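Read the structure below first, then the notes.
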Amino acid sequence: MEIFHIGAECYPVAKVGGLADVIGALPKYQNNTENTVRVVIPCYETTFRFQNDFECVHWGKLKLGTFNFPFSVLKEKTNKLGFELYLIEIPELFNRPDIYNYRDDIERFVAFQIASLDWIIGRNSIPDIIHCHDHHTGLIPFMSKYCPKYVKLKNVPTVITIHNSLYQGVFTFNKLYYLPEFDLIHIKELEWGNCINSLATAIKCADEVTTVSPTYLNEINYSGNGLETLYQRVRNKSKGILNGIDLDIWNPENDSMIAANYSIATFSEGKQQNKKKLCLQFGMNPTKPLFSFIGRLYNEKGADLLPKVVTSAFTTFKEEINILILGYGETEIENKLTQLLSTHKGNYNIYIGYDEELAHRTYASSDFILIPSRMEPCGLNQMYALRYGTIPIVRRTGGLKDTIIDFEDDGNGICHDQASVEDVCDSIERAVDLYKDKEQIDKLRIKGMNTNHSWKNVSQEYLELYNLITTKKYESQ
């Protein structure tokens, strides 16, 4: 089976969030003697692009309405990621330092999708599956189905995986001319809320819709950022499949990014060695429980709660705990968290930005990780934390609810129900009590480290889904 994964991010090539981790791992586990897996993302100005060898396998000109852009398809020569990696190089649109948040993002990602399909139809073979990820590739199921230019792909099954329904790629109909020619009888497939909605289009046109956890699939049916009735309508072709993690990258036994490697047998000493080094870097006492937050500083992640959580926790526990925050996002949240440095020196610190190595070191060093999300389609942080013997403190939502059960219910973490300062602080208080019971906390760490969230089983579930929709498509022809 020839499988194409098309998306906006792929770790370690270009990463903003969990989307990159998924596209960087799932294909590796699907790629074997029976399957050839190819990953296609835009060519950004990233370190990976310039530190690795690529060859040009295709070049051409794409038409975006009245605009024409030259583009190239670059293939990474060694398949070092465990699959074939292709970068769509459109210099005028993607030769920039950041991945998102440009005024012409609509033009950038529509052009990326057109270039991807232009290249695919020019190849000698037709894929068996095109797996699209989020709204950045949401027009592909429509174009492959209804644009005569791509008639060769009309019968190729498509899957859309929704990593976050908050972002939908919406633009007005005055940009309809960006798309290749199609019969206007199909224009309703593009429309939602009197606009072109890329995510809604994919949901309507793809052969299968997946979300990154079962609970998130249920949640978006009543809280889907304006797409609730659409999600309900396509429930018969929808499935929630929980993400996995790459155990080759996230493994405390051989992780080259952490200060000291450790296993389930040696976690007590290993975590303490890591904790000592991290606390030295951030001016903290390693004998105290370390609570960390790793992620984007946005309301959906519950990050707006953190300033009051920090203040309240230190009011209650004074100098009994340490809190470390790694992340970036809304300026107001960043500023409030930074201002707390002056009042809690020696027990609190913050790193504004994203640093992959520092994230690994923090998972290995922390006793608890705070995940107070208002919404969490899947969440990978809790899985990484478990792998490193760090106890997740989570709000029961989305994939967090699917993966973390409260330790008082014989589970593997600490849970609360509301995205509120009070609930988070109550969980911190329970964590402080747990920290004092070495036998119980060690038992919980071992349970977490023994949890298997590998992509191996998840990838098989996707392959079974591909086979199912391929068979259905074949039988319907």
Which of the residues spanning region 428-477 are more than 30 Å from ASN155 (Cα to Cα), β-branched (Val, Ile, Thr) and in contact with a Pro (Cβ under 7 Å, 6 or more places away or on another chain)?
VAL432
Is region 255-270 home to any residue that is in a loop (DSSP other than H, G, I, E, B), aliphatic (A, V, I, L, M) and more than 17 Å from GLU357 (Cβ to Cβ)?
yes
Kindly indicate the residue of region 1-48 that is closer than 23 Å to ILE90 by Cα and hydroxyl-bearing (Ser, Thr, Tyr) and also surrounded by the most Cβ atoms within 10 Å (Cβ to Cβ) among those meeting that condition.
TYR11
Mind listing just one residue for me: the one in region 384-405 that is under 19 Å from GLY302 (Cβ atoms) and among the basic types (Lys, Arg) and, of those, surrounded by the fewest Cβ atoms within 10 Å (Cβ to Cβ)?
ARG396
Per-region count, region 319-347, residues assigned to a helix (DSSP H, G or I) and within 20 Å of LEU358 (Cα to Cα):
4
Consider region 276-318. How many of its residues are within 25 Å of ASP433 (Cβ to Cβ) and assigned to a helix (DSSP H, G or I)?
17
For region 215-241, which positions are part of a loop (DSSP other than H, G, I, E, B) and not aromatic (Phe, Trp, Tyr)?
ILE220, ASN221, SER223, GLY224, ASN225, GLY226, LEU227, VAL234, ILE241
Residue that is surrounded by 12 or more Cβ atoms within 10 Å (Cβ to Cβ), closer than 22 Å to LEU117 by Cα and charged (D, E, K, R), where the choices are LYS75, LYS61
LYS75
Which residue, of LEU280, LEU306, LEU242, is crowded, with 22+ Cβ neighbours inside 10 Å and among the aliphatic types (A, V, I, L, M)?
LEU306
Filter region 245-277 for residues that are more than 26 Å from the chain's Cα centre (by Cα) and among the hydroxyl-bearing types (Ser, Thr, Tyr); which is surrounded by the most Cβ atoms within 10 Å (Cβ to Cβ)?
TYR262
Restrict the check to region 145-156 and report whether at least one residue is in contact with a strand residue (DSSP E or B) (Cβ under 9 Å, 6 or more places away or on another chain) and buried (at least 24 other Cβ atoms within 10 Å of the Cβ).
no
Determine whether GLU408 is more than 29 Å from the chain's Cα centre (by Cα), closer than 14 Å to PRO392 by Cα, modelled with pLDDT of 95 or more and surrounded by fewer than 19 Cβ atoms within 10 Å (Cβ to Cβ).
yes
Evaluate the following for ILE196: is it buried (at least 17 other Cβ atoms within 10 Å of the Cβ), in contact with a strand residue (DSSP E or B) (Cβ under 8 Å, 6 or more places away or on another chain) and assigned to a strand (DSSP E or B)?
yes
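Residue-by-condition table, conditions (1) touching a strand residue (DSSP E or B) at 6+ places or on another chain (Cβ under 7 Å); (2) among the hydrophobic types (A, V, I, L, M, F, W, C); (3) more than 26 Å from PRO252 (Cβ to Cβ):
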{"residue": "ILE393", "(1), (2), (3)": "yes, yes, no"}
{"residue": "LEU400", "(1), (2), (3)": "yes, yes, no"}
{"residue": "ILE404", "(1), (2), (3)": "yes, yes, no"}
{"residue": "GLY413", "(1), (2), (3)": "yes, no, no"}
{"residue": "ASP437", "(1), (2), (3)": "no, no, no"}
{"residue": "ILE441", "(1), (2), (3)": "no, yes, no"}
{"residue": "HIS453", "(1), (2), (3)": "yes, no, no"}
{"residue": "ASN457", "(1), (2), (3)": "no, no, no"}
{"residue": "LEU465", "(1), (2), (3)": "yes, yes, yes"}
Scanning for something surrounded by 15 or more Cβ atoms within 10 Å (Cβ to Cβ), modelled with pLDDT of 95 or more, more than 27 Å from the chain's Cα centre (by Cα) and assigned by TED's automatic domain parsing to the domain that holds TYR466, does region 122-144 turn up at least one residue?
no
Take the conditions touching a residue at least 60 places away in the same chain (Cβ under 8 Å), more than 27 Å from MET375 (Cα to Cα), surrounded by 21 or more Cβ atoms within 10 Å (Cβ to Cβ) and among the aromatic types (Phe, Trp, Tyr) and apply them to PHE109. Does it pass?
no
For region 283-298: of the residues being more than 26 Å from the chain's Cα centre (by Cα) and not hydroxyl-bearing (Ser, Thr, Tyr), which is surrounded by the most Cβ atoms within 10 Å (Cβ to Cβ)?
MET284
With ASN124, ASN174 as the choices, which residue is over 23 Å from VAL209 (Cα atoms), assigned to a helix (DSSP H, G or I) and out of contact with any strand residue (DSSP E or B) (no Cβ under 7 Å at 6 or more places or on another chain)?
ASN174
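The values are calculated or read from the model by the stated rules, or taken from the named source; none is laboratory data. All values reported here derive from a predicted model rather than from experimental measurement. Counting neighbours? That spans all protein chains shown, and the Cβs are built from the backbone with ideal geometry, glycine included.
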